[in-house]
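The values are calculated or read from the model by the stated rules, or taken from the named source; none is laboratory data. Remember, predicted model here, so these are calculated numbers, not experimental data. Note that we place each Cβ from the backbone using ideal geometry, even for glycine, and neighbour counts take in every protein chain shown.
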Amino acid sequence: MNKLAKEIATWREKKGFITTWDNMLEKLMLVVTEVSEAAQCFRNDDRKGFNEEIADIFIRLFDICGTLDIDIKKEIEKKMEKNKKRPYRHGKKMGDVVQ
Ligand SMILES: [Mg+2]
């Protein structure tokens with residue numbers, strides 16, 4: 001996973017695009033853009049396009065991880081351990097408003 005993140009960051013750099021901590025807000029908004037494109041494909045019942053946009057989301061996230069040296073595998077494992085300790089439905093009952 002980390003190797004893929006590094007490969008994507010290298011590929012992005014070779015294409016002339018810049019990712020740094022200083023332009024992170026823009027990079028995060030580009031992730032949101034890809035999520036929005038996936039939503040549009042979903043609305044259009046375009047499964048092929050949807051799958052491609054999901055890939056775009058991960059490509060943009062992996063670029064951030066590869067650039068900022070985020071060990072995303074370790075971070076996901078750590079967060080999942082935290083998540084596993086949370087109660088069923090995070091302690092909410094059926095019918096409660098879940099946000
Ligand atoms: Mg896209």
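For first residues located in region 27-44 and more than 11 Å from Asp56 (Cβ to Cβ) and part of a helix (DSSP H, G or I), partners that are within 11 Å of the ligand (Cβ to nearest atom) and hydrophobic (A, V, I, L, M, F, W, C) and lie 6+ apart or on another chain with Cβ distances below 7 Å form the pairs Phe42/Phe50. Residues of region 1-26 that are of a type in the set (Val, Ile, Thr) and part of a helix (DSSP H, G or I): Ile8, Thr10.
Considering each of Met80, Met94, Met29 in turn, give the residue that is modelled with pLDDT under 95, out of contact with any strand residue (DSSP E or B) (no Cβ under 9 Å at 6 or more places or on another chain) and not charged (D, E, K, R). Give the derivation first.
Values: Met80 fails: modelled with pLDDT under 95; Met29 fails: modelled with pLDDT under 95.
Met94 is the lone residue from the list that is modelled with pLDDT under 95, out of contact with any strand residue (DSSP E or B) (no Cβ under 9 Å at 6 or more places or on another chain) and not charged (D, E, K, R).
Being of a type in the set (Val, Ile, Thr) and either surrounded by 13 or more Cβ atoms within 10 Å (Cβ to Cβ) or within 15 Å of the chain's Cα centre (by Cα) (or both) is a property that holds for Ile72.
Taking region 19-57, which residues are buried (at least 17 other Cβ atoms within 10 Å of the Cβ) and aromatic (Phe, Trp, Tyr)? Listed by number, the list holds a single entry, Phe50.
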